[in-house]
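S.K.: Below are the structure tokens for one structure; questions will follow.
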Amino acid sequence: MSLLLALLLQVGPDPLAGGLRGDDLVRDRPPRADAEPGETPRDGPSAWLQSCLDQLDTDPARAHTMAQIRRSETTGADRVLANHCLGTAASALGLWDDARAAFLAARAETPAAEPRARARFAMMAGNAAMAGGDAAGALAMLEEAESEARSAAAPLLEALAAIDRSRALVSLSRNDEALAALESATTLAPESAEAWLLKATLLRRLERLDAAQGAIEEAARRTPGAAGFGPEIGLEAGVIAVLAGREEAARESWQSVIDLAPESPAAATAKDYLAQLGPASAPAPEEDTPA
């Protein structure tokens, strides 16, 4: 194994990195008060929020302006929704301090009798703080989110907050506490492949390779798709395997990433790892047994 590959693998993929991935910031939008799950909002505050959020993919600056105007003209629940869209639009624009302030305002104006919604807004604020480079500030918000989710008897939401808290703790080099947060997440949401993947990654960084192997196997079992592997899980499985001296298993894991999602960033990383690992050694020829 090359020295460069060894150094890369000690860091490896970074699913524990701070900040946002995909739609993490808005994955848990507060429930609409006037619509049942799955129902399309047709009028009132819900319709306005949906209209504002629909602008995010095409014109986040317009959504940001819409939300600012709405916030200045409304009070109560309408103002909470305006801050929600404002924070989400600010996130899309990379205005992390503005996003954090808007989500915190939404949380502050959400009644104490609605801890689930308050927990969601605290999580959003914490993720914005992480993306803005303030891990310590994020940690405080995510601890509050976890506590409020617990008060709401919402274990899946509590697990999401614990996962995000683990990222903040890793950023602060508090790895043992981060591992405890992920233990909580996998207990609260044992079917969460993300929680098991992050746990495997952190255990690998702590050089607890046997425990990391067990965690990545749990992640794979909980991920739909070919051979139970998602791209990130297959990538991490290969990292764990090669650090444990199982190069053939690493090759198989990284090849599975390429086969499963050939155009993904994970596949590009897998190809790089395979290239640096070099061609597989040919099996030693069998010696003739004397007659």
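Bear in mind that the values in this text are calculations on the coordinates, not laboratory data. The structure presented is a predicted model; accordingly, all values stated were derived computationally and were not measured. Heads up, the Cβs are rebuilt from the backbone with ideal geometry, glycines too, and the neighbour counts pull from every protein chain shown.
S.K.: Could you give the length gained on full extension between R174 and S264, defined as 0.36 nm per residue of separation minus the Cα-Cα distance, in nm?
M.R.: Computed gain between R174 and S264 is 29.3 nm.
S.K.: Next up: Starting from the Cα-Cα distance between E183 and A108, subtract it from 0.36 nm times their residue separation and give me the gain in nm to one decimal.
M.R.: 24.0 nm
S.K.: Residue by residue through segment 53-62, which ³J(HN,Hα) values in whole Hz follow from phi under the Karplus form 6.51 cos²θ - 1.76 cosθ + 1.60 (θ = phi - 60°), with glycine and proline marked x?
M.R.: Karplus-based 3J(HN,Hα) across segment 53-62 equals 5, 5, 6, 4, 5, 9, 8, x, 5, 5 Hz.
S.K.: At 7 Å along Cα-to-Cβ for each site, give me the label-to-label distance between E73 and A61 in nm.
M.R.: The two pseudo-label positions are separated by 2.2 nm.
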